[in-house]
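Participant: Structure in structure tokens, see below.
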Amino acid sequence: MLLEQERRIAGWTLVTAAGAPAALVAAAIVARDVLTTSYDPLSETLSVLAGRGSGQGIMTAGFMLSAVCQIATAMGLRVVRLSARLALAIAGCCGLAVAAYPVTVSANESTHLVAAGGGLIALALVPILSMSSASTTPLVCRPRWALTATLVLCALVLWVYYEANHGVFLGLAERLTAVAELAWPLVVVVFARQRHTCSGTAAGNAVTPIPFRANVFEPRSLASAGSRTEAA
């Protein structure tokens, strides 16, 4: 019973899991709206948006909030393997590094790129690291779903790499990849909570069997009955 309670997800994990992609998307939209200079979201990355003009502070705050949500989700998502939680926490730390080392300073460019790339790779590995066939594992963490999600996320990361070197849609590739990777922990949380709710309902509706007790006649009772018969 104690082990089962330890593997339950924290109640606030749903908020943090949803907050990670929501913070990134909301910050990108607001920062783009307040930006006074030209910016192409299809070809330019979020990092460029965080290092330019009036939207710099908003996008940087979005990076930080999303990263903190990832770390918090890793702490509360106790239904998956520890390695998957560590990968999610590492991705959050990479997000904090992205915010701390903007591309506005030329000396920060290499550190920023390493942190951004490391975060994308770490998030892409979360599904396969959480893969398990245990009965307590959420459905989406079973091998078939986890492997499929890993292949999709890795393909998106490769698309980002291609666009960064040869393509013209780096901004689009980065946005789709980041949102897809950040959405996976949210999917795991939703399925885990649904499974926990169904298990609790089934346990509450279970009928406790009434133990059957056969009538047992002791020898003393038989002897007493025989004595009364002889006396009669």
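Participant: Can you list the residues, at least 5 places off or on another chain, whose amide H is less than 5 Å from the amide H of LEU35, using H built in the peptide plane?
Facilitator: Result for LEU35 returns nothing.
Participant: Equivalent ellipsoid semi-axes for segment 2-190, as square roots of 5 times the alpha carbon gyration tensor eigenvalues: give them largest first, rounded to whole Å.
Facilitator: For segment 2-190, the semi-axes come out at 30, 17, 13 Å.
Participant: Treating the beta-carbon of each Lys and Arg as +1 and of each Asp and Glu as -1, no other charges, what is the dipole magnitude of segment 2-190 about its Cα centre, to the nearest 20 debye?
Facilitator: Result for segment 2-190 is approximately 600 debye, rounded to the nearest 20.
Participant: So, one more: Charges on Cβ only, +1 for Lys and Arg, -1 for Asp and Glu, centred on the Cα centroid of segment 2-190; of LEU86, LEU158, MET59, which one is farthest towards the dipole's positive end?
Facilitator: Comparing the listed Cα positions along the dipole, LEU86 ranks first.
Throughout, read-outs are computed from the coordinates displayed, never taken from laboratory work. Keep in mind the model is a prediction, meaning the values are calculated, not measured. Neighbour counts run over all protein chains shown; Cβ positions are idealised from the backbone, glycine included.
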